[in-house]
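What follows is a single structure, written as structure tokens, with notes after it.
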Amino acid sequence: MFTLFKRPSTISSLIAFYVGGILFQGVSRLLDRSLEDIAQSLARLLATVSMEVILVYDYGTIERYLKDLVQNPDIKYLKLVRDDNGEVLGEAGQIESDTAYFLHIIQPLNLADQRFATI
């Protein structure tokens, strides 16, 4: 008689375990996608506001923009590079080698339909 009551409990526990695992994976993927969307939006915004200061060679303002963004705990490193000669126009933060997971977002800066620089 006791085995009849234990088996449904065991089966329901296993079902709950599997459903919990599936829900966890779904939520984890959703959060990862949300973080990636936020990172891409920030990169696009930085590209938009940086173009004007790049054209007037105001590299101090670029550095300030990058340092301000790196204050966000989710952003570890930013770099802005000219595409034609590889000149680093600004960078901030550090790449941490012990980080298990990170997003690498590349955002081009276009000037007159030509790629000018990359964030």
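Tell me yes or no: at least one residue of the range 90-106 is more than 30 Å from ARG29 (Cβ to Cβ), at pLDDT 80 or above and surrounded by 11 or more Cβ atoms within 10 Å (Cβ to Cβ). So far as the range 90-106 goes, yes, one or more of its residues are more than 30 Å from ARG29 (Cβ to Cβ), at pLDDT 80 or above and surrounded by 11 or more Cβ atoms within 10 Å (Cβ to Cβ).
Annotation for the range 83-95: at least one member residue is in a loop (DSSP other than H, G, I, E, B) and within 20 Å of ALA39 (Cα to Cα). I want to confirm something. Restricting to the range 96-111 and keeping residues that are closer than 16 Å to SER50 by Cβ and assigned to a loop (DSSP other than H, G, I, E, B), which single residue is farthest from the chain's Cα centre (by Cα)? Filtering first and then ranking leaves GLN107. Is it fair to say LYS67 is in contact with a strand residue (DSSP E or B) (Cβ under 6 Å, 6 or more places away or on another chain), part of a helix (DSSP H, G or I), surrounded by 12 or more Cβ atoms within 10 Å (Cβ to Cβ) and among the charged types (D, E, K, R)? Judged against the criteria, LYS67 is a match.
Rundown of residues vs (1) within 14 Å of GLN107 (Cα to Cα); (2) of a type in the set (D, E, K, R); (3) at pLDDT 75 or above, yes/no style:
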site	(1), (2), (3)
ILE11	no, no, no
ALA16	no, no, no
GLY26	no, no, no
ILE38	yes, no, yes
LEU42	yes, no, yes
ARG64	no, yes, yes
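Screening LEU78 with (1) surrounded by 14 or more Cβ atoms within 10 Å (Cβ to Cβ); (2) in a helix (DSSP H, G or I) gives one miss only, at (2).
The values are calculated or read from the model by the stated rules, or taken from the named source; none is laboratory data. None of these values were measured; they are calculated from a predicted model. Cβ atoms come from the backbone with ideal geometry, glycine included; neighbour counts cover every protein chain shown.
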